[in-house]
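Inspection log for the structure reproduced underneath, given as structure tokens.
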Amino acid sequence: MIVNTTDAIKILNKGEVLALPTETVYGLAARIDKPEALKKIFSTKGRPFFDPLIVHVSNISQARSLSSNWPKIAEVLANKYWPGPLTLVLPKSKLVDELISAGLPTVAIRLPNHELAINIIETVNCPLAAPSANKFGRTSPTSAQHLIEEYADKPIPILNGGPCQIGIESTILSIQTNSENKTKLAILRKGSISIEEIQETLKSANLEFTVENSVDKTLAPGNMPYHYMPSKPLFLCEDLKITYDRLFKMCNSLILRNVNNKHQFTQLKPNQKIHSFNELRLDTNPNIAARELYAKLRELSKRPQDAIVFFVDPKHKTTSWQAIMDRLQKASIK
Ligand code: TXA
Ligand code: MG
């Protein structure tokens, strides 16, 4: 159900959850000082408690208050990229409830680049914890309509901020500083801001750091092999010359393998066979492709065909496509 700003504020202050627009994807928000509201985020999404939440702030000083150690690197990145699609993972302060950090000593923080979101956080005068508003494991919502459909069975209050401009979730950067004051950075989730860009920014500010390429699993508990899944099975195909016959064979053998592996895909039923598919076609500009990605996956899932196929061509393997390909890899049947 769509609500106006005044009601949205009342809903949050009462300890209820609210679907909130951001520039990346819609979030399911609750005040960080209301544990009952935080619990409702998990129950509404069907999210397990081991997966921590991102805290959204309306200014940098609010971000500092959430962290027990706010290094110069965080200050430089926040000044450069906020408001914007960069989430910083730092040691948490006492303001951060265990439900938010899922038992980790850290907190993920970002300042979203959406006027409505910033105004709401400022007015309630409290940071808001918000994961993407989709049901657990599914495609993130990038419009109010997606949310109306996702929660058709049990409507949730939605603040309509129009279609999301970035379209995929923020880049998540872990910043770890050791006792010798050395800083290690690690990308926990790729997004529209790349590690190369971040390194450039920090080098220009004469800051020292190292970048970890392989990420310790305990640092990124939300990194699941299957995620962002549309409601029809998605397949990636690198063979651009494949025949229909072979394509169907490939899809069906992957389905059999996954059903046998007992993966819990709601799209897949035992003995289900793919007889028809739609092709996911993305714009050649990765920024536009990202903006349209989830809306296209949702739209194709509504068509009568059994499945969705995306043909991966050489351009999709370049750096500017990494964040999109990460989503497609995780969303596809492997
Ligand atoms: O663009 C975005 O980041 C969107 C909008 C709504 O802000 N939010 C979003 O939240 O994508 P969510 O919960 O769907 O994904 C956040 C990811 C999860 O995989 C979670 O595990 C990870 O961030 N995360 C949260 N806190 C963390 C922490 N302290 N350490 C490591 N990972 C963390
Ligand atoms: Mg999510």
Surface accessible to a 1.4 Å probe, residue 276 within the full protein complex, Å²: 40
Computed FRET value (nearest 0.05) for residue 10 with residue 283, which takes r as the C-beta separation and R₀ as 41 Å: 0.55
Distance (nanometres) between label positions extended 7 Å along Cα→Cβ at residue 305 and residue 125: 5.4
The range 76-185, relative contact order [Cα under 8 Å, separation at least 6], %: 28
Overall form of the range 1-128 per C-alpha gyration tensor (a/c, 1.5; a/b vs b/c): oblate
Model label zone, residue 39; criterion: amide N under 17 Å from point 7 Å along Cα-to-beta-carbon; scope the range 88-104: 97-103
Rounded to 5, percent antiparallel among DSSP beta bridges of the range 84-221: 60
Solvent exposure, largest accessible area first (probe 1.4 Å, DNA, RNA and ligands not counted), of 224, 1, 229: 1, 224, 229
Global form of the range 138-215, assessed from the alpha-carbon gyration tensor, a/c cut-off 1.5: prolate
Rounded tilt (10° steps) of 244-260 against the dominant C-alpha axis of the chain: 60
Beta bridge orientation in the chain: antiparallel %, DSSP, nearest 5: 50
For the range 285-292, 3J(HN,Hα) per residue [Karplus equation, 6.51 cos²θ - 1.76 cosθ + 1.60, θ = phi - 60°, Hz, x = Gly/Pro]: 8, x, 5, 6, 4, 5, 4, 9
For residue 68, residues with placed amide H under 5 Å, excluding near neighbours: 92, 93
Longest exposed-site-free window of the chain, the sites being GluC sites (Glu not before Pro) in a DSSP loop that have at most 16 other C-beta atoms within 10 Å: 1-179
At most 15 other Cβ within 10 Å, DSSP loop - trypsin sites (Lys or Arg not before Pro), the range 52-115: 94
Between helix 35-45 and the chain: long-axis angle, C-alpha atoms, 0 to 90°, nearest 10: 10
Over the chain, relative contact order from alpha-carbon pairs under 8 Å, at least 6 apart, %: 19
Loop-resident sites, the range 49-107, for chymotrypsin sites (Phe, Trp or Tyr not before Pro), counting at most 12 other Cβ within 10 Å (DSSP): 49, 50
Long-range HN-HN contacts of residue 27 with modeled amide H, under 5 Å: 20, 22, 133
Additional length obtainable on full extension of the chain from residue 204 to residue 249, 0.36 nm per residue less Cα span: 11.0 nm
Average Cα contact separation per residue, the range 122-242, under 8 Å, 6 or more apart, as relative contact order %: 22
Potential lengthening between residue 68 and residue 149 on full extension [0.36 nm per residue; Cα-Cα distance subtracted]: 25.2 nm
Helix 195-204 vs. the chain, principal-axis angle (Cα, 0 to 90°, nearest 10): 30
Rounded, prolate or oblate (a/c below 1.5 giving rounded, otherwise prolate when a/b exceeds b/c) for the range 175-243 by Cα gyration tensor: prolate
Top of 221, 157, 112 by mean-square fluctuation, Gaussian network on the chain, Cα under 10 Å: 221
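The values are calculated or read from the model by the stated rules, or taken from the named source; none is laboratory data. From a predicted model like this one, the values you see are computed outputs, not experimental measurements. Neighbour counts are summed over all protein chains in view; Cβ atoms, including those assigned to glycine, are modelled from backbone coordinates with ideal geometry. Only protein heavy atoms, including side chains, enter the accessible area calculation; ligands, DNA and RNA are left aside. Shrake-Rupley method; radii C 1.70, N 1.55, O 1.52, S 1.80 Å.
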